[in-house]
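Engineer: Can you keep this structure in mind? I'll have questions shortly.
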Amino acid sequence: MATVKDRSSSRTALPDTGAADRDAPSRPGIRLRSPRRRRRLLGLAYLAPALLIYAYVVLLPAGQGLQLSFYHWDGVTSASWAGLANYTGFLTDATLRQAVTHTLFFILFFSVLPIILGLISAALTARKDVRGAGFYRSVIFLPQVLTPAVVAVVWKQIYAPDGPLNSVLTAVGLGGLARGWLGDFTWALPALGLAGTWAAYGLCMVLFVAGTHTIPGELYDAARMDGAGPVREFFTVTLPGLRGQLAVVLTLTLLGAIRVFDIVWLTTKGGPGTSTITPTVVLYQRAFTNPDVGAACAIGVVLALVSLLVSLVVVKLAEGADR
């Protein structure tokens with residue numbers, strides 16, 4: 001009995017090393033990082049080179065552009081303080097006001113029309129498979145494979161005075177309608193708009209048609225059992241099922257319309273006169289043709305803010321529709 005008692009007393013006399021280990025992190029000079037914190041620091045270490053490059057290439061020039069937008073500077077001589085004068089040019093400069101108006105026009109051709117045509121394509125293929133649909137989609141999607149420069153060159157040739165469009169009009173007895181489309185003050189802007197519609201339609205069509213394949217077929221069967229026709233079926237089944245694709249397409253096409261430059265500069269350079277001028281063309285001219293770097297930076301800042309605002313609005317509307 002004494003032996004057992006001695007053994008039990010010896011056990012109780014052993015120090016509580018677990019309690020000492022638990023108290024160790026609270027002692028001064030001893031810090032043990034949790035695995036989660038170590039993973040976070042490791043992730044930041046991996047991202048640090050990319051973040052530094054992004055800051056140097058994007059954020060630093062953006063900050064310099066914002067700073068220069070408050071100055072008058074020709075890129076050579078000393079800059080002078082301009083305050084908000086470069087920004088008020090959107091209200092007082094006739095060329096800038098006209099460029100903004102043309103942007104609204106391009107939104108119609110670069111965003112609204114391609115989306116409508118894409119939705120029509122999705123509606124036609126949602127009810128049944130169309131023979132040869134894959135080939136037609138490939139042909140319509142072709143402009144997305146081409147660069148904007150190639151698209152501009154192709155349409156410049158089409159609209160040329162001796163180009164295919166005027167040749168076809170003359171061949172069918174409508175030679176009186178033939179003209180130099182890109183040199184006409186009235187028709188130059190709509191001509192570029194149609195080229196933009198052709199370029200953007202393929203993306204809208206492919207995204208919408210792909211979206212219809214994710215809509216359960218039971219929804220269409222239920223709509224047809226309720227007596228829904230093609231129009232009602234589109235608005236009750238197809239269109240609600242394409243909300244996600246519609247948000248993506250709307251964002252991409254609106255930003256493309258706001259920032260359109262390549263097709264305008266390579267075909268008309270904003271002419272004839274200022275009939276096809278856009279904010280991006282004005283920015284380019286004021287940065288390189290008749291240097292006013294401050295005004296060009298102000299235009300760039302405004303376009304960036306408008307693009308950000310458009311993206312946020314579309315995202316919020318899409319999130320609200322999903323609730």
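Engineer: Of (1) of a type in the set (A, V, I, L, M, F, W, C); (2) over 20 Å from the mean Cα position of the chain (by Cα); (3) within 19 Å of THR276 (Cβ to Cβ), LEU51 satisfies all except one. Which?
Structural biologist: Condition (3) is where LEU51 drops out.
Engineer: I'm trying to understand the selection: among the residues of region 214-230, which are exposed (fewer than 14 other Cβ atoms within 10 Å of the Cβ), at pLDDT 85 or above, within 34 Å of the chain's Cα centre (by Cα) and not hydroxyl-bearing (Ser, Thr, Tyr)?
Structural biologist: PRO216, GLU218, listed by residue number.
Engineer: Would a scan of region 145-166 turn up a residue that is outside any loop (DSSP other than H, G, I, E, B), crowded, with 16+ Cβ neighbours inside 10 Å and modelled with pLDDT under 90?
Structural biologist: yes
Engineer: Out of all the residues in region 184-192, is one or more touching a Pro at 6+ places or on another chain (Cβ under 9 Å), in a helix (DSSP H, G or I) and farther than 30 Å from LEU119 by Cβ?
Structural biologist: Checked against the condition, which is being touching a Pro at 6+ places or on another chain (Cβ under 9 Å), in a helix (DSSP H, G or I) and farther than 30 Å from LEU119 by Cβ, region 184-192 yields no hits at all.
Engineer: Just wondering, is there one or more residues in region 199-207 that are touching a helix residue (DSSP H, G or I) at 6+ places or on another chain (Cβ under 7 Å) and either assigned to a loop (DSSP other than H, G, I, E, B) or among the basic types (Lys, Arg) (or both)?
Structural biologist: For region 199-207, residues touching a helix residue (DSSP H, G or I) at 6+ places or on another chain (Cβ under 7 Å) and either assigned to a loop (DSSP other than H, G, I, E, B) or among the basic types (Lys, Arg) (or both): absent.
Engineer: Okay, moving on. Exactly one of (1) touching a helix residue (DSSP H, G or I) at 6+ places or on another chain (Cβ under 6 Å); (2) without any contact (Cβ under 8 Å) to a residue 24 or more places away in the chain is unmet by LEU308. Its number?
Structural biologist: Failed condition: (1).
Engineer: To continue, here is another question. Contact list please: Cβ distance under 7 Å, first residue in region 141-166 and under 19 Å from ALA188 (Cα atoms), second residue outside any helix (DSSP H, G or I) and among the hydroxyl-bearing types (Ser, Thr, Tyr), pairs at least six apart or on different chains.
Structural biologist: LEU165/TYR159
Engineer: Moving on to the next point. Could you list all residues from region 259-300 that are within 19 Å of the chain's Cα centre (by Cα), of a type in the set (Val, Ile, Thr) and either modelled with pLDDT under 90 or more than 25 Å from HIS72 (Cα to Cα) (or both)?
Structural biologist: Selection gives VAL260, ILE263, VAL264.
Engineer: Which residue out of VAL209, VAL293, VAL281, VAL237 is closer than 16 Å to THR103 by Cα and either among the basic types (Lys, Arg) or surrounded by 19 or more Cβ atoms within 10 Å (Cβ to Cβ) (or both)?
Structural biologist: The unique qualifying residue is VAL281.
Engineer: Continuing with this model, one more query. If the requirement is being assigned to a helix (DSSP H, G or I) and either under 15 Å from PHE70 (Cα atoms) or among the hydroxyl-bearing types (Ser, Thr, Tyr) (or both), which of these qualifies: ALA318, ALA287?
Structural biologist: ALA287
Engineer: Being acidic (Asp, Glu), out of contact with any Pro (no Cβ under 6 Å at 6 or more places or on another chain) and surrounded by fewer than 16 Cβ atoms within 10 Å (Cβ to Cβ), is that true of even one residue in region 314-323?
Structural biologist: yes
Engineer: Still on this structure, please answer the following. Being out of contact with any Leu (no Cβ under 8 Å at 6 or more places or on another chain) and surrounded by fewer than 21 Cβ atoms within 10 Å (Cβ to Cβ) narrows it down to one residue among LEU308, LEU252; which is it? Give the steps one after another, and end with the answer.
Structural biologist: Working: LEU252 fails: out of contact with any Leu (no Cβ under 8 Å at 6 or more places or on another chain).
Every option except LEU308 fails the conditions.
Engineer: Return only the number of the condition from (1) free of Cβ contacts under 8 Å to residues at least 24 places away in the same chain; (2) under 30 Å from ALA223 (Cβ atoms) that THR280 does not satisfy.
Structural biologist: Checking THR280 against (1) free of Cβ contacts under 8 Å to residues at least 24 places away in the same chain; (2) under 30 Å from ALA223 (Cβ atoms), the one that fails is (2).
Engineer: Could you list all residues from region 212-231 that are assigned to a helix (DSSP H, G or I) and free of Cβ contacts under 8 Å to residues at least 40 places away in the same chain?
Structural biologist: GLY217, GLU218, LEU219, ASP221, ALA222, ALA223, ARG224, MET225, VAL231
Engineer: Right, another one. Hey, among GLY273, GLY176, GLY244, which residue is surrounded by fewer than 22 Cβ atoms within 10 Å (Cβ to Cβ), in a loop (DSSP other than H, G, I, E, B) and not aromatic (Phe, Trp, Tyr)?
Structural biologist: GLY273
Engineer: Taking the options ARG40, ARG27, name whichever one is surrounded by 11 or more Cβ atoms within 10 Å (Cβ to Cβ) and either of a type in the set (Gly, Ala, Ser) or modelled with pLDDT under 90 (or both).
Structural biologist: Step by step, each of ARG40, ARG27 is checked, and only ARG40 is surrounded by 11 or more Cβ atoms within 10 Å (Cβ to Cβ) and either of a type in the set (Gly, Ala, Ser) or modelled with pLDDT under 90 (or both).
Engineer: Continuing with this model, one more query. For ALA20, all conditions in the list (1) surrounded by 10 or more Cβ atoms within 10 Å (Cβ to Cβ); (2) hydrophobic (A, V, I, L, M, F, W, C); (3) modelled with pLDDT of 90 or more hold save one; what is the number of the exception?
Structural biologist: (3)
The values are calculated or read from the model by the stated rules, or taken from the named source; none is laboratory data. Just so you know, these numbers come straight off a predicted model, no measurement behind them. Please note: Cβ atoms are built from the backbone with ideal geometry, for glycine as well, and neighbour counts cover all protein chains shown.
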